[in-house]
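Where a number appears in this text, it was derived from the coordinates with a stated rule and is not lab data. Predicted, not measured: the structure shown is a model, and the values here were computed from it. For neighbour counting, all protein chains shown are included, and Cβ atoms are generated from backbone atoms with ideal geometry for every residue, glycine included.
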Amino acid sequence: MIPFRKLFSTVCVLGLSCTSGVAQDVALTSRDGAIRIEGDLLSYDGEFYRVDTVYGALTLDGQGVTCAGPGCPDLDAYVAEVTFSGTRRMADVLVPALIQAYVSRNQLSLRREVMSDTRSTFILSDTDRVRARFELRGTTTSEGFADLIAEEADIALVLREPNVSEALMADSSGSGDLVSGRRARVVALDGMVAVTAAGQQVKNLSMEQLAATFSGDVVSWADIGGADAPVVLHTPPDTAGLFEAFEERVLEPYSKSMTPDAVRHASLEELSDIVAEDSFAIGLTTLSEVGNADPVRISGSCGFEQAPSIAALKTEDYPLTLPLMLFTPARRLPLMAREFIEFTASPAADLVIRRAGFVDQAITTSDFHTQGDRLAHAITAVGPEVPLEELKRLVETLRDRDRLSTTFRFQVGTRLDVQSSENILRLARALETGSFDGKSLLFAGFSDSEGPAAPNMALALRRARLVMDQVREAAAAADFDRVQLSVDAFGEALPMACDDTEWGRAINRRVEVWIR
Amino acid sequence: MGKVISSAIGAAFSVVCFSSAWADTVALALRAPLPSVTVPLPSLPPLEPVRFDQTAASPVQDVRPSLSAVIAKQADINAFGFPCETTLKSHALPNAMIAVSIFAPCKPYQTVSISYAGLEFDLSLSMTGATDTVLPALTRVTELTVRIGPDTKRSTRVDVSDIDGFMRVALEWPSEGPPLLSGTAPRHMPVDRFILGDPSGRTIQIVSHPLDPETQPGVIRLQMNQTVTAQNCAEAQTGRFVQMMAGFTQQVYDLTLAAPGCDKIGHSLELKNILQDLKLASN
């Protein structure tokens, strides 16, 4: 926001007329009457005026000015209007459930006006009057970004960050910078899963088999370890964010693309229901929409297998996590919209998220004894790169600690992925509220097994230190006399997935947090 | 001998009517001789003298209803002779159901509104002013209120102890032709559907599923189908939706369906996404 007085002095010094002769929508005058600005009112959010003036769009604090003119809002009758647009993965169930919880938490009452199956308006009222109208449009991630850029939506519901063309479009349309700043808020997690009917004997597939199946290379179940029967594919439409994410993360690494022969379903519910009834069908859906079908586990050549469970999604140990994000524009949102976004990161919202079938990001712990499978793999991996002594050190260091669900993973080098960036804030908030007072937090860095062990160890330690520093920086209000933070690294000693694929290596490059 | 006696008695009776002296003579002639033994008289306990406590004596109350009350009461009975008093009786039934009996003898054919758990539906009373119904409970302690016209209101409370074994959703609709609420589930998940109320008035549709610990995880798809009619095409209508899990209300909100437009009369609107599906996770 531009400070009113400063802005005014700037434009007046430039010799521009501070009032215009053309009849304008509103005239905002400072309390002392010294400064006056005119323009068309773009919005009033209950606190701030956004006015289109000859100097461009300006945001002015409502407390500092009085408004005159036909465009002035009725200050006592202000209703926050907020439009949500984007992926149906969020618009169908998650956002309505969160709005309902927000309403009951704030002692408001709710009416949902249904225009169609994918378009509703939620009317939030207190005992006096209507306070806000939240319009919800279930479309796709791309359309959510398009609506945000065109200023037809205030909050986009998305499964990914904006791509280059979207960022450029936002820039050229003047709707603001989509890339810098913290625009994406991960509200919940979901996972991309392949589903089959309960009776299908193939229960796990490698990433390569998954790619071959959905690209149409696999025509018979016999090709992937099943009966000799044709594979019937079901997918969401190609405009869906889930479709795009699956192509990018599963098909592209194997230079494949989705077969055009798959049956497309706009509704994932319908897709799951059809797959659940057909023993030879396989479908692409999300964990929250598995319905009555069975999710397929993802296996690696070295014997690791990852089921898309809540715990595995939270720790990102399952390779195909799908963060569900609220993406906000580079302009100020009404107070109630900001409060709603804040609410989505609260413990009360975590419960709602779980109930709605999604994975929340609340920090949970699992003790050392539950790591048996990983330790077994670690033992089999002992060799010149990982000597037995190193494994013993790992066990000695971690055996009396618990692992936090908060895990940090890197896109490339030391850049954290979006879910991990959210985890930094979550952990920082927990530190600030004293949840870990009297505890010791160990940031343990791990690497993949590509290349020699010593540089891997150094890189693992560097990543652990980087994460610890970022958490420390984000937790400005935390009392670090009460909680002890430290780093350690174990390199390639405790793999989570097979290192023979890129996704497996990405799973292994991580920083875990162990608490005592 | 017998003949002599009977004629003597006949003669004696006829004489009694005329002379007591004659009667004494005849009676003596008929009396059997007394035994000669004397039997002592039983001794009775002495009688307690009865005292009346003047101070405790209360004034005599007339327990008979006054004439005006009798007339009023007679006026307050229905054509079948039942007093007009409206009664509401209810009790819990197995499977978290509630039996409700309403008897308003002087209000035959009238509409009764039954409200519970924040929802309401309408029923018509019979010719005798009675109606019985069974409701699926939506709260553990159910406050039930019935209203007949503006003046008559009765309330009762039922404790439904087995409600934690059910998940239910309910849709109240204010008018004829509500969107039809349905739940489709895989074979291993039994789903019951109830419709409360007369079709011409306010109704509640309920989809119920038992939470059996043995039940496998699964999803019950909820959807609404509305047939566009001349009654509902032009105006938006608002109902109320409640979701209950094991006795706890998880969602409650008003639901307005926009007017579909009268050019769509005869069409059916399918709303699959509006209501959150019931998900039963594995434990």
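List of remarks:
- Hull shadow area, averaged, the range A:104-210 [alpha-carbon convex hull, nm²]: 11.5 nm²
- Label point 7 Å beyond Cα of A:T365 along Cβ direction - residues of the range A:398-439 with amide nitrogen under 13 Å: A:399-406, A:435-439
- As a proxy for reagent exposure, ranking A:S346, B:S268, A:S299 by other Cβ atoms within 10 Å from fewest up yields B:S268, A:S346, A:S299.
- The range A:92-194: GluC sites (Glu not before Pro) in DSSP coil with no more than 11 other Cβ atoms inside 10 Å: none
- Fewest-first ranking of A:V51, A:V386, using other Cβ atoms within 10 Å as the exposure measure: A:V386, A:V51
- Cα-centred dipole magnitude for the protein assembly as shown, charges only on beta-carbon of K, R (+1) and D, E (-1), debye, nearest 20: 2560 debye
- Principal semi-axes in Å for the range A:357-516 [√(5λ), Cα gyration tensor, largest first]: 25, 17, 15
- DSSP bridge orientation in the range A:164-322 - percent antiparallel, rounded to nearest 5: 60 percent
- Nearest 10 degrees, 0 to 90: helix A:388-398 Cα axis against chain A principal axis: 40 degrees
- Distant-in-sequence amide H partners of A:A493 (H built 1.01 Å from N, under 5 Å): A:S447
- Across the range A:357-452, the convex hull enclosing all Cα atoms gives 141 Å³ per residue.
- Simple spin-label estimate for A:V164 and A:R105 gives 3.9 nm between the two label positions (7 Å along the Cα-to-Cβ direction from each Cα).
- For the residues of B:245-257, the average number of beta carbons from a partner chain within 10 Å of their own beta carbon is 4.
- The range A:181-231: trypsin sites (Lys or Arg not before Pro) falling in loop per DSSP and having at most 11 other Cβ within 10 Å: A:R182
- Cross-link check: pairs A:K256/B:K279; A:K314/A:K439; A:K203/B:K272; A:K203/A:K314; A:K256/A:K314 evaluated at a Cα-Cα cut-off of 32 Å; pairs beyond the cut-off: A:K256/B:K279.
- Computed from Cα positions, the angle between helix A:94-105 and the longest principal axis of chain A comes to roughly 60 degrees.
- The convex hull defined by the C-alpha atoms of the range A:184-299 has an orientation-averaged projected area of 7.0 nm².
- Debye log10 I(q)/I(0) for the range B:114-184, one point scatterer per Cα, at q = 0.11, 0.17, 0.27 Å⁻¹: -0.34, -0.81, -1.38
- Summed side-chain charge close to B:V146 - residues other than B:V146 whose Cβ falls under 12 Å, Lys, Arg +1, Asp, Glu -1: +2
- Share of alpha-carbon pairs per 5 Å distance bin for the range A:53-172, given as whole %: 2, 10, 16, 18, 15, 15, 13, 9, 2, 0
- Per residue, the convex hull spanned by the alpha carbons of the range A:40-101 comes to 127 Å³.
- Euclidean distance between Cα centres, the range A:221-300 to the range B:206-283, Å: 28 Å
- Kirkwood Rh, Cα atoms: Rg over Rh of the range B:177-283: 1.01
- Calculated over chain A: convex hull of Cα atoms, volume per residue (Å³): 181 Å³
- Normalised by 2.2 N^0.38 Å, where N is the number of residues, the alpha-carbon radius of gyration of the range A:258-348 equals 1.47.
- Folded to 0 to 90 degrees: helix A:4-13 orientation relative to chain A principal axis, Cα: 70 degrees
- When each of B:F241, A:F480, B:F121, A:F368 is scored by the number of other beta-carbon atoms lying within 10 Å, the sequence from fewest to most is A:F480, A:F368, B:F241, B:F121.
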